[in-house]
Amino acid sequence: MTDPSLTVARPHLEGPRLLPVTVPIPAGRLEIRWAAEAARTLGVAPFLIGRTPVTNREYAPFVASGRVAAPPWWRHPDFCASMQPVVGVTWEEAMAYCAWLAETVGGRWRLPTEVEWEFAACGGLLAPRTAWGETIPPGEIPEG
C-alpha cells in the first residue's frame, strides 16, 4: 500500500509494471465474525491497496538489490512468468519489500491489515455470505 504521492514518474524504476499499481479503497464498515464470538462491526479508514498481488517482475528489482534471496520457486517453470504473482515470500520478506519500496521510490508502503484485506475483498458489502454477495452466481463453481 502507498500514499497518493507515488503517482509521479520514478525514472529509476522505468518499464511497465515495475512499481505496483494501487487503487483507493474508501472508508466504510465491515461485519466480522470470529468463531464463537458475536459479530462485530468495524469501521475502516480509507486506504490504498495493490490492484493485484505483487508480480515477479515487480519483485525482481528487490531480489536484485541483494536484500533477500530469491524465493524458493523463483526459477520454477510453473511460477516464474514475469506477470505471475511472486510466491514463496515470507511475511518478513514482504515487510522488507515494503521498506525497500519506500526507500527506493518514496512514500509509505505497507501490508494491509487483516480487516483492510477483508474489507477490500468484500467490495463494500457489510457482511456478504460469499465473495459475490449473498449468493454464488450460477456456473461460478464448476460441477463435476
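The values are calculated or read from the model by the stated rules, or taken from the named source; none is laboratory data. What you are looking at is a predicted structure, and each value in this text was computed from that prediction instead of being measured. Note that we place each Cβ from the backbone using ideal geometry, even for glycine, and neighbour counts take in every protein chain shown. Heads up: the accessible areas ignore ligands, DNA and RNA and are worked out on the full protein's heavy atoms, side chains in. Shrake-Rupley method; radii C 1.70, N 1.55, O 1.52, S 1.80 Å.
Tabulated values for the structure
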read-out	value
Projected label distance in nm at A96 and A81, using a 7 Å step from Cα toward the beta-carbon	2.8
Debye, to nearest 20: dipole size of the chain, +1 on Lys, Arg Cβ, -1 on Asp, Glu Cβ	340
Whole-number accessible area per residue in Å² for the stretch 94-144, which is evaluated in the context of all protein chains at 1.4 Å	66
Rounded percent of accessible protein surface that carbon and sulfur make up, the stretch 27-144, 1.4 Å probe	57
Accessible area (Å², 1.4 Å probe, nearest 10) - S82	60
Estimated [θ] at 222 nm from DSSP helical runs (n ≥ 4, -39500 (n - 2.57)) normalised by residues in the chain, nearest 500	-6500 deg cm²/dmol
Packing rank of 73-80, 98-105, where each peptide gets the mean count of other beta carbons within 10 Å, highest leading	98-105, 73-80
log10 of Debye I(q)/I(0), alpha-carbon scatterers only, for the chain at 0.10, 0.14, 0.15 Å⁻¹	-0.45, -0.82, -0.91
Mean separation of Cα contacts under 8 Å (6+ apart) over length of the chain, as relative contact order %	26
